[in-house]
Structure formats: C-alpha cells, structure tokens
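Heads up: the structure comes next, in structure tokens.
The values are calculated or read from the model by the stated rules, or taken from the named source; none is laboratory data. What you are looking at is a predicted structure, and each value in this text was computed from that prediction instead of being measured. Cβ: placed from backbone, ideal geometry, glycine included. Neighbour counts: every protein chain shown.
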C-alpha cells in the first residue's frame, strides 16, 4: 500500500461522509484542494489535500503545537538575545500560532503556495488567532529550499519543519532535498550556536534520525500520542537536534 493509499484509508475510516470542496487549484507541483466537512456534533472542519495526499485537518492540530513546543522549550532553557524562529510550511497556521505564544522576537514563515496563504487569511484566521497579522510574523512566499540557500548563516534560535508527512512521506517528490545530508548541513549553518531544529513526521524515520545525528548533537526522536475521533491512538513523531 502506498503512502497516499494509506492516508486515504485512514481518512475514510474516520470520516465516512464525503467533504464539500471549497477550492481546488492546479499548481506546478500538482493539485491543491481545500475541503470542508461537518462533524456529528455540528463542528466545522477544514482539510488541505495536496496532489491527492491528505496533509492536515483543523480538527487535529495538537501535533503542530507539540512540534513548536519541542523547539521552543530548548531556546527558553538556552536563551538567545534574538529569539528568531523560522517555520518551514504555513499550513493552517497552528505551528505559527504556538510559536507566537512563546517569547520569540520574530518568526519567518516560508510558504510557497499563494492558495494556502489566501486560505489562512480568508478561513483560518479565527482558528489561529490571526497569526499572519502578528507584527512579529514575516511571511516569505518562496520555495523553502531556495529560501534556505538564500538565508544568512547563524540567524535563527530555532527552525521548525512541517511541510510533509515525514522525510520519506513527501507531499511532493522534490521535497526530498530538504532532508538530505546537504540540507541538514544548511539547516545547521543557519542556526545560532545551541540553536534547535525540529522536524515533524507521521511515522518513524530511523534513517533520517541517523542522518540527522551526523549534523546535530543531542538528537532525539519523540513519539507524540494522538487520539482520533473514534477513541483510538496513533503516534506522530518529532525529530529534534541541537547545533553544536
């Protein structure tokens, strides 16, 4: 079973009723879709589908919050004068919101999709506390790989990556270049000493964990138990490393 088939099966089991499609756009990397459904209790849920791959739901954002916390707890314990953070991937803005709720000085959020940015402003603002409007937020509408290669070294206290379902479960094949040894060296170079990189995954990534250990110290894999609407629990994972 492919990753795409696996995710579609999970979503179908959780939500047997089909969603209403609010927007669908063709892009250079495939199709991106925003859909909406009502739960049994009447709550409204938004979902983003990228090229047929389920990426996220507004119902389940605990993982995004935990991802940010894993990065930010470290910089709070090892304070920098300039607590600047980079987030790779805007999503529905939950990672950005959690980051802004901590004592950070500035947050650069990199998002290539005009549609995702538009949906945040039109639909998701009430869900994420209008995170894009926070004066500490700087939106960079650019390919993340290009943005990393253009950024100044030694700038960020923390960098948070959440653009795929994991280093080997990609929204787009080209995103594989974000998890290579070369990319990890770039991530490390952009961090301040004792800065932290945190990466989210929907599954265990032992090869990435080993690769990350070649560029960061104190690398760890943390399982995040996430309950679903049917009372079951599955694990997401956060991979975190510290620049030496």
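Quick one: which strands (runs of 3 or more DSSP E) sit completely within the range 65-175 and have at least 3 residues that are exposed (fewer than 15 other Cβ atoms within 10 Å of the Cβ) and more than 17 Å from the chain's Cα centre (by Cα)? First the steps, then the outcome.
Working: elements: 84-88, 106-110, 137-140, 156-161.
The strands (runs of 3 or more DSSP E) meeting that bar number zero.
List the number of the failed condition for residue 184; all other conditions in (1) under 20 Å from residue 242 (Cα atoms); (2) in contact with a strand residue (DSSP E or B) (Cβ under 7 Å, 6 or more places away or on another chain); (3) at pLDDT 95 or above hold.
(2)
Quick grid of which residues meet (1) surrounded by 15 or more Cβ atoms within 10 Å (Cβ to Cβ); (2) in contact with a strand residue (DSSP E or B) (Cβ under 8 Å, 6 or more places away or on another chain):
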position: 203; (1), (2): yes, yes
position: 210; (1), (2): no, no
position: 219; (1), (2): yes, yes
position: 223; (1), (2): no, yes
position: 226; (1), (2): yes, yes
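Consider residue 194 against the criteria (1) farther than 29 Å from residue 49 by Cβ; (2) modelled with pLDDT of 95 or more: it satisfies all of them except one. Which criterion is unmet?
In the conditions (1) farther than 29 Å from residue 49 by Cβ; (2) modelled with pLDDT of 95 or more, residue 194 misses (2) alone.
With the structure loaded, tell me whether residue 197 is in contact with a helix residue (DSSP H, G or I) (Cβ under 8 Å, 6 or more places away or on another chain), in a strand (DSSP E or B) and surrounded by fewer than 16 Cβ atoms within 10 Å (Cβ to Cβ) or whether it fails that test. Steps first, answer last, please.
Working: in contact with a helix residue (DSSP H, G or I) (Cβ under 8 Å, 6 or more places away or on another chain): yes; in a strand (DSSP E or B): yes; surrounded by fewer than 16 Cβ atoms within 10 Å (Cβ to Cβ): no.
When the stated conditions are applied, residue 197 does not pass them.
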